[in-house]
Ligand code: HEM
């Protein structure tokens, strides 16, 4: 298409969270703040601006602090209406208003969300991640100082999170493997046959895959180098998941296989596309190989089911001949993290603990990236010719839906899938560039 | 305030997984004949010849271009799987589809040509009219229909086997036996 030269990214203006992997393992904290006094709010932004991690220096410290604002947060800071109106419609509406579209219904519906998630009270999100508790404590102290003695600010929600050294999350699977490379970030693709995404797919102010600039809020200084962030607290019903598999498997190996078929990868992270019959932890842990695959040689899904979570979430080359969809328009940076204690191995009874994933997305297009993937690929099966099936692991299943595992001589069908993931709340945020933060801090209402 | 989800971003009605989609254009003065021959050419392209069943967009059930009002107007009418709204961007960046449409659209008013995608998008959206009524006679997606056709062809092959009747005697085969009589 149009020839756009590889952009020079203004790394010192871009918050680190979108472009760079976090240290592994890490510990972290998410804070949500409410602004009752806009001058105090702007003072917070001024202080945070000094300690937020940009994409140039964060590498060296092992600690990152990321800041993002909801629509109501920007309004509370005194951003002019004209500028507020220039943000993406989904962002302006907020996540709770999108519940019906996103499939956040029943147990996942906003009326059951943790307070104050999804409400107009949530203004600022601050995420602090560090290699170790000491680093986290230090960074958290800085964040505390940023809002200390500002009576017009309240911390309204807090959630600690972490990544295990194994990278495993609550269902037992290594997560955070499949990520697109971004042009200009200096980080190579983990899938050699896949060109890095145009920077404008992730960051505002650069051309995207359509050859155009993504719609950007005004004024330019506010939008440029920013990115939209999707934040969702997703509770995982680990005991129910284990029992579901146990009841349908005769052996431990079969249980592992069914679990892997649902995800598209084995627990170690090894992709079914490369090792369909048994886990290969060496492969799973090898970042040079564990993302180097496609599905074109497996159109019917005998190795990796077409309905598996990771294949739905990123069909790679599987839809190349469909003519209806350009997979590159539906990628995302994921920065998910674990919360709550892991359910000990082998336990099949629910212990009542809250555990799961803080799902975090970064991208320039809420609608055609996050909402498209969630609604068309995870919540629906039209695109794979199975309208009655949803994502078996994370989809809004209701106890009547099923999952087809292609197999010779005959396919296996899992029935009566209950929901294994419940939305506890979330919000759409905007993570501005550093200049934009300065602009916000200096607003004169 | 949040007005974008009005008619323009949700054109078309859906029945089950399938949506209807119709565009109406005015033909540039004097271009009726050249548009007609461009459509004839399209009709003779591989994939678009009657019986080829191989349109570039594989989620489309069928599509037609209709010239009317003495070739002064053009309609493009189709049904496809999935919500149009979600797939709009893909359509506008899909090379083969755009190239094909480019050949047709250049004969109608308001089209400024590629590669200004934003302009093409605005142009197509402005030509869209949602149906006032829409019905379908089967519920499946194109992918399911194709699979069903393959399965039926295989079933017919099995029925042609001399031992078919005997094989279908097994109680588990009853649903297939019920379909085997005609
Ligand atoms: C509690 C909920 C979820 C769990 C437990 C979960 C788990 C996983 C796992 C185990 C993988 C495979 C490892 C990897 O490639 O990183 C994966 C991949 C992925 N997931 Fe999720 N996921 C969840 C929710 C979501 C949601 C809501 C989305 C998007 C809307 C999503 C999008 C993706 C994407 C894009 C990939 C990478 C696919 C690839 O590039 O191969 N996930 N997820």
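The values are calculated or read from the model by the stated rules, or taken from the named source; none is laboratory data. Owing to the predicted nature of the structure, the values given are computational and were not obtained by experimental measurement. Here the Cβ is made from the backbone with ideal geometry for all residues, glycine too, and neighbour counts use every protein chain on show.
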- line: Residue hits (the stretch A:185-195; buried (at least 17 other Cβ atoms within 10 Å of the Cβ) and either more than 15 Å from the ligand (Cβ to nearest atom) or under 19 Å from the mean Cα position of the chain (by Cα) (or both)) are A:185, A:189, A:190
field: Selected residue (criterion: farthest from the other protein chains (Cβ to nearest Cβ)) from residues of the stretch A:317-333 that are within 15 Å of residue A:180 (Cβ to Cβ) and surrounded by fewer than 20 Cβ atoms within 10 Å (Cβ to Cβ)
entry: A:317
message: Please determine whether any residue of the stretch A:135-152 is within 16 Å of the ligand (Cβ to nearest atom) and modelled with pLDDT of 95 or more.
response: no
field: Any chance residue B:87 is within 17 Å of the chain's Cα centre (by Cα) and more than 11 Å from chain A (Cβ to nearest Cβ)
entry: no
message: Can you tell me which condition residue A:182 does not meet? The list is (1) under 30 Å from residue A:397 (Cα atoms); (2) within 17 Å of the chain's Cα centre (by Cα), and all the others hold.
response: (1)
field: Tabulated pairs, the stretch B:87-104, first assigned by TED's automatic domain parsing to the domain that holds residue B:35 and under 14 Å from residue B:119 (Cα atoms), second part of a helix (DSSP H, G or I) and at pLDDT 80 or above, C-beta under 7 angstrom, 6+ apart or interchain
entry: B:89/A:329; B:89/A:368; B:92/B:120; B:92/B:121; B:93/A:329
- prompt: Taking into account only those residues within the stretch A:128-161 that are surrounded by fewer than 17 Cβ atoms within 10 Å (Cβ to Cβ) and within 20 Å of residue A:231 (Cα to Cα), which is farthest from the chain's Cα centre (by Cα)?
  reply: A:154
message: One residue is enough: does the stretch A:377-393 have a residue meeting the conditions within 14 Å of chain B (Cβ to nearest Cβ) and closer than 19 Å to residue A:124 by Cβ?
response: no
- prompt: Only one of these conditions is not met by residue B:23: (1) part of a strand (DSSP E or B); (2) over 30 Å from residue A:327 (Cβ atoms). Which number is it?
  reply: (2)
message: Any residue at all in the stretch A:212-235 that's free of Cβ contacts under 8 Å to residues at least 40 places away in the same chain and outside any loop (DSSP other than H, G, I, E, B)?
response: yes
query: So, in the stretch A:266-297, of the ones that are more than 19 Å from residue A:319 (Cα to Cα), surrounded by 18 or more Cβ atoms within 10 Å (Cβ to Cβ) and within 22 Å of the chain's Cα centre (by Cα), which residue ends up nearest to the ligand (Cβ to nearest atom)?
result: A:269
query: Applying the selection to the stretch A:18-32, what residues are crowded, with 24+ Cβ neighbours inside 10 Å and modelled with pLDDT of 90 or more?
result: A:28, A:32
- request: Can you run down the residue pairs with Cβ atoms below 8 Å, 6 or more apart or on separate chains, where the first is in the stretch A:180-194 and at positive phi and the partner is loosely packed, with under 13 Cβ neighbours inside 10 Å?
  value: A:184/A:6; A:184/A:8
- line: Picked from the stretch A:347-376 (must be in a loop (DSSP other than H, G, I, E, B) and within 14 Å of another protein chain (Cβ to nearest Cβ)), the residue surrounded by the fewest Cβ atoms within 10 Å (Cβ to Cβ) is A:365
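Quick grid of which residues meet (1) out of contact with any strand residue (DSSP E or B) (no Cβ under 6 Å at 6 or more places or on another chain); (2) modelled with pLDDT under 95; (3) surrounded by 20 or more Cβ atoms within 10 Å (Cβ to Cβ); (4) within 14 Å of chain B (Cβ to nearest Cβ):
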| site | (1), (2), (3), (4) |
| --- | --- |
| A:36 | yes, no, no, no |
| A:40 | no, no, no, no |
| A:50 | yes, yes, no, no |
| A:86 | yes, no, no, yes |
| A:101 | yes, no, no, yes |
| A:104 | no, no, yes, no |
| A:115 | yes, no, no, no |
| A:126 | no, no, yes, no |
message: Looking at the stretch B:133-155 only, could you name the residues that are more than 14 Å from chain A (Cβ to nearest Cβ), surrounded by fewer than 11 Cβ atoms within 10 Å (Cβ to Cβ) and either under 30 Å from residue B:177 (Cβ atoms) or in contact with a strand residue (DSSP E or B) (Cβ under 7 Å, 6 or more places away or on another chain) (or both)?
response: B:135, B:137, B:153
field: Identity of the residue in the stretch B:99-132, under 21 Å from the mean Cα position of the chain (by Cα), in a helix (DSSP H, G or I) and surrounded by fewer than 18 Cβ atoms within 10 Å (Cβ to Cβ), that ends up nearest to the other protein chains (Cβ to nearest Cβ)
entry: B:121
- prompt: Which condition breaks for residue A:157 when tested against (1) out of contact with any helix residue (DSSP H, G or I) (no Cβ under 7 Å at 6 or more places or on another chain); (2) away from the ligand (no atom under 16 Å from the Cβ); (3) assigned to a loop (DSSP other than H, G, I, E, B); (4) more than 14 Å from chain B (Cβ to nearest Cβ)?
  reply: (3)
- request: Starting from residues that are within 10 Å of another protein chain (Cβ to nearest Cβ) and touching a helix residue (DSSP H, G or I) at 6+ places or on another chain (Cβ under 6 Å), keep the ones in the stretch B:65-84 and report whichever is nearest to residue A:367 (Cα to Cα).
  value: B:82
- line: Of the residues in the stretch A:386-399 that are away from the ligand (no atom under 14 Å from the Cβ) and in contact (Cβ under 8 Å) with a residue 60 or more places away in the chain, the one that is surrounded by the fewest Cβ atoms within 10 Å (Cβ to Cβ) is A:398
- prompt: For residue B:62, are the conditions met, namely being within 23 Å of residue A:387 (Cβ to Cβ) and away from every other protein chain (no Cβ under 14 Å)?
  reply: yes
